[in-house]
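Working notes, beginning with the structure itself.
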Amino acid sequence: ESLAIIGTTGSGKSTISNLISRLYDVRDGEILIDDIPIRHYNLHNLRSQIGYVPQDVFLFSDTIYNNIGFGLEDPREEKIFQAAKDADVYDNIRAFPQGFETRIGERGITLSGGQKQRVSIARAVVREPKILMLDDALSAVDTKTENNILNSLKRIMQGRTTIIISHRVSSAKLANNIIVLVDGRIAEVGSHETLIEKDGIYRDLFEKQGQLEERAEN
């Protein structure tokens, strides 16, 4: 299933992504994956099953092909192309004169914010991870680009566990279940529809962000 973790800056959202990928361990309680404590998994195997898309995308000064295939033992062309299609960036890449062999940065081209994020998503899904984790991954793109990426994410999310960490309700709406964090504690839990009906923190965020988006469009 899919889970969204939403909250304002400093509420503890990114801490959760660090704990799931074991950048550090919990002091109290446990994190379970398939009912098995996360510490019982081999660290390399655990991380190889997590596709992580951060807020600040890091792309190498290399070809787009090699950026998407980074870390793959066997970066086959059909896998790279399919990941680019899943992330809705394939047509953009093909439109460049050198296609997937186009170099990024320094003496190569500079991608737009939306293209960078979609290349980063392609890099995450090309490994066919069991867990896909987006850590405020769409906060740097405009609303129109975000909607395009969210539409492609609906396909990508099928058949895997997806965790969407965001301060935007528009990203959280995709998930089956939503957790609202306030100061490191769970304040509300439910689907988008049930949380809107609750008339609590989530609905307040939804209404505020909706008004902000309307102003940005006008």
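Observations on the model:
- Seen from all directions on average, region 101-203 presents a Cα convex hull projection of 8.2 nm².
- Sparsely packed trypsin sites (Lys or Arg not before Pro) within region 5-64, loop by DSSP, other Cβ within 10 Å at most 14: Arg27
- With all protein chains in place and a 1.4 Å probe, the accessible surface of the chain carries 46 percent carbon and sulfur.
- The residues neighbouring Asp136, those whose beta-carbon lies less than 11 Å from its own, together hold a net charge of 0 under the Lys/Arg +1, Asp/Glu -1 convention.
- A straight Cα-to-Cα reach below 17 Å connects Lys79 with the lysines Lys130, residues fewer than 8 places away in its own chain not being considered.
- The calculated FRET efficiency for Arg76 paired with Thr143, based on their beta-carbon distance and R0 = 35 Å, is about 0.50.
- Antiparallel %, DSSP beta bridges [both residues in the chain], to 5: 30
- Net charge in the neighbourhood of Val89 (other residues with Cβ under 10 Å of its Cβ; Lys, Arg +1, Asp, Glu -1) is +1.
- With protein chains left intact and a 1.4 Å probe, residues in region 40-159 average 54 Å² of accessible area per residue.
- Extent along principal axes [Cα atoms of the chain; Å; largest to smallest]: 52, 51, 29
- Positive-end residue, the chain charge dipole about Cα centroid, Cβ charges, pick of Leu205, Asn151, Gly7: Asn151
- Near Ile178, the amide H atoms lying under 5 Å from its own belong to Ala4, Gly190, Ser191; only residues 5 or more places off or on other chains count, and H is placed 1.01 Å from N.
The values are calculated or read from the model by the stated rules, or taken from the named source; none is laboratory data. Source: prediction; values computed, not measured. Quick reminder, even Gly has a Cβ in these numbers, built from the backbone with ideal geometry, and neighbours come from all protein chains shown. SASA here: full protein model, heavy atoms, side chains in, ligands and nucleic acids out. Shrake-Rupley method; radii C 1.70, N 1.55, O 1.52, S 1.80 Å.
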